[in-house]
1. State which residue is surrounded by the fewest Cβ atoms within 10 Å (Cβ to Cβ) when the search covers only segment 381-400 and only residues that are over 26 Å from LEU366 (Cβ atoms) and of a type in the set (D, E, K, R).
2. Quick check on segment 278-322: of everything there that is part of a loop (DSSP other than H, G, I, E, B) and in contact with a Leu (Cβ under 9 Å, 6 or more places away or on another chain), which residue is farthest from ALA249 (Cα to Cα)?
3. Among the aromatic types (Phe, Trp, Tyr) and surrounded by fewer than 19 Cβ atoms within 10 Å (Cβ to Cβ) - does that describe any residue in segment 238-247?
4. Sort through LEU227, LEU160 and tell me the only one that's among the hydrophobic types (A, V, I, L, M, F, W, C), under 30 Å from LYS131 (Cβ atoms) and crowded, with 19+ Cβ neighbours inside 10 Å.
5. Starting from residues that are part of a loop (DSSP other than H, G, I, E, B) and farther than 23 Å from GLY213 by Cα, keep the ones in segment 117-146 and report whichever is nearest to the ligand (Cβ to nearest atom).
6. Could you please let me know if GLY37 is closer than 21 Å to ALA231 by Cα and assigned by TED's automatic domain parsing to the domain that holds VAL197?
7. Please go through (1) in contact with a His (Cβ under 7 Å, 6 or more places away or on another chain); (2) under 23 Å from PHE99 (Cα atoms) for ILE279 and return the number of the only condition it doesn't satisfy.
8. Filter segment 349-382 down to the residues that are farther than 30 Å from VAL255 by Cα and among the charged types (D, E, K, R), then identify the one that is farthest from the chain's Cα centre (by Cα).
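The values are calculated or read from the model by the stated rules, or taken from the named source; none is laboratory data. Everything quoted here is computed from the prediction, not taken from an experiment. Cβ placement follows ideal geometry from the backbone for every residue including glycine, while neighbour counts extend to all protein chains displayed.
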Amino acid sequence: MENIKLNIENAFPFVSKDSVNAYASKVKECMDKLHKGTGLGNDFLGWLNLPSSITEKFMDEVIAVANDLRSRCEVVVVAGIGGSYLGARSVIDALSNYFGWLQQDKKNPVIVFAGNNIGEDYLAELSAYLKGKEFGIINISKSGTTTETALAFRILKTQLENQCGKAEAKNRIVAVTDAAKGALRKLSTQEGYRTFVIPDNVGGRFSVLTPVGLLPIAVAGFDIKKLVAGAQDAEKFCGADVPFEKNPAAIYAAVRNELYKSGKKIEILVNYHPKLHYIGEWWKQLYGESEGKDLKGIFPAAVDYSTDLHSMGQWVQEGERTIFETVISIKSPKYKVEVPSDAENLDGLNFLAGKRVDQVNKMAELGVTLAHIDGKVPNLHVEMPELNEYYIGQLFYFFEKACGISGYLLGVNPFNQPGVEAYKKNMFALLGKPGYEKETEAIKARLK
Ligand code: PA5
């Protein structure tokens, strides 16, 4: 079995091999801090050995609940935001048939997402879509008090109960939340919903391999055992006992920190396949929330090529030289589509006749890489042999492990997100939430 492969050769015109290799001892210290639990944020290290601690029995429990929801629902709404939705969404988007929702003979429920925005029109259109449909809800919130998610859930729960009755609604709602704390735990106990627990020591953005990700992914019809198996293998090949030069998580953490030091303040995660769009969103949250603090941190951005070459390509090629790219490339696509020959050749494309579309895509990728290197954009490369559950599991764990190391190299606590509270405080003050009376007064005075 192959593994995902990291190639950093195209970083070396910009930083030296020696400077990256010099990180080996610092990376070891960071790795030790993670594994011994002696670093900042050490109460949030549950993700570190999570893959190897997941049992068959536990996955079977998740699958049993997923199958029950699948049998009851033609649509399942996954309500959650940030770490409570991006992992599930990234896997479901990556593995679903792009046009599957147009097919008549649906084997799997349609998965839709809510609670990740406060758009009134979004909720209105979702309610209209769900009208008359057999639907269910997976409500995911670790704190159990996140406004976006709680608000959507209140609206959807009311609609569900009106459509199928309170008793059946109980069977169609599953909550994923804290074991004891928060409004969602209280509500679930009172209403008698089935629940899964998000472990205390796993933060939202590291929680995709808990029921936060596993339950929706299983409901969508994907193989969570393969996903976990991929992460388990990555836990080994990114392990503390794997030497620096063979450890992709260690090398990635080192090279991106060295690039950052050399003035590359923005990392762009690039894909050449639209199905990876939400992997980019998941990765942005993982690195953005983990490293962007104490006035430090690489700004994580993501693009979908070749689409975005026609919008962002100019900036990447010739804008301010503060960026580097990390490309996720899929070695073998699932399907084969060949370019047909055309007797008239009016579009001039016969030079591609007989070639696979993926060959064109790969040459676009190579051409872009070379052009961007010429344009002084360092280029890191992560190859996935195929796009499936197993390799996504590897990719998740690889990025998580590298993120933990990278955050420690940067000198921040990669496992907190104090900055996220600032907007909430203002919003609650503006909305007059009980307990925020002083803030309400202050913000009103400020806005006068
Ligand atoms: O990574 C994080 O901690 C956050 O992005 C959370 O996942 C997000 O804010 C949602 O929080 P909760 O699950 O408490 O509703």
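1. For segment 381-400, the residue satisfying everything is GLU389.
2. Selected residue: ASP294.
3. Yes, segment 238-247 contains a residue that is among the aromatic types (Phe, Trp, Tyr) and surrounded by fewer than 19 Cβ atoms within 10 Å (Cβ to Cβ).
4. LEU160
5. GLY119
6. no
7. (1)
8. Residues of segment 349-382 farther than 30 Å from VAL255 by Cα: 349-357.
Those still in the list that are among the charged types (D, E, K, R) too: 355-356.
On the way: LYS355: 33, ARG356: 30 Å.
Within segment 349-382, the match that is farthest from the chain's Cα centre (by Cα) is LYS355.
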